[in-house]
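Following: one structure in C-alpha cells, then a few remarks.
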Amino acid sequence: MSSHVIPALIAKMHHAKQSNLENVELWGSGKPKREFLHVDDLADALVFLLQQYSDEMHVNIGTGEEVSIGELADTVRAVVGFHGSFKYAVDKPDGMPRKLLDVSRLGRLGWRASRSLREGLEDTYAWYVDHRERDARL
C-alpha cells in the first residue's frame, strides 16, 4: 500500500474490520508526532487570509497541535470501529520524529482550525465508505 498516513490507516483498518482480522501492522514505533489539518479548514484559512492579510511574510496554516502516530492510529481505530490490536513493525522507518508548524502568526490574525482531529477523521471515513460503496456499484 502506498499512501499518506491517514488514508493508509483508514484503508488498513476498514479492511481489517471487514475481514475480522485480529490486528493491523503499523510501520515504525508509533512515536513520531505529526500535525493534521482537515481540507475544509485549509480552505477556510485561505479565504480568511485572502480577506485579511496582504503582507509579504509567509503564513503557516495548521492546527498547532500534534499527535503521535500511535495516538492517531487509536483514534482511527475508534472511528472505523476496528476492535483488533496493532503490531508495530519497528524494523520499518519512523521518519522525522516531529513535524509541527508554527501557526502563531495566523493565530494572531484571529484564525483557528474549527475541526478536531476526531471530527475530521469521522468526515473522512464517512467519505471513504460512501465512495468505496459507490465505486463498487459502478
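Taken together, the values in this text are just the output of simple stated rules run on the coordinates, not laboratory data. The structure presented is a predicted model; accordingly, all values stated were derived computationally and were not measured. Using ideal geometry, Cβ is built from the backbone for each residue, glycine included, and neighbour counts are taken over all protein chains shown.
Label positions at GLN52 and HIS83, each projected 7 Å from the Cα along the C-beta direction, are separated by 4.5 nm.
What you get for the chain, charging only the Cβ of Lys and Arg (+1) and of Asp and Glu (-1), is a dipole of about 300 debye around the Cα centre. Between the helical axis of 117-137 and the longest alpha-carbon principal axis of the chain there is an angle of about 60 degrees. Distance between the C-alpha centres of segment 118-135 and segment 26-58: 21 Å, rounded to the whole angstrom. The residue list LEU109, HIS131, ALA73 was ranked by how far each Cα lies along the charge dipole of segment 5-137 toward its positive end, using unit charges on Cβ atoms, and ALA73 comes out on top.
For segment 14-30, putting each phi into the Karplus relation 6.51 cos²θ - 1.76 cosθ + 1.60 with θ = phi - 60° gives couplings of 5, 4, 4, 5, 5, 9, 6, 6, 7, 8, 10, 7, 10, 6, x, 8, x Hz, in residue order, rounded to whole numbers and with x for Gly and Pro.
Each of ALA43, ASN23, VAL5 was placed along the dipole of segment 5-137 (beta-carbon charges, centred on the mean Cα), and the one lying farthest toward the positive end is ASN23.
The modelled label-to-label distance between LEU42 and ASN23, using points 7 Å beyond Cα along the C-beta direction, is 3.4 nm. Of LYS12/LYS99; LYS12/LYS33; LYS33/LYS92; LYS17/LYS92, which pairs sit farther than 18 Å apart, going by alpha carbon to alpha carbon? Going by Cα-Cα distance, LYS12/LYS99; LYS12/LYS33; LYS17/LYS92 fall outside the 18 Å limit.
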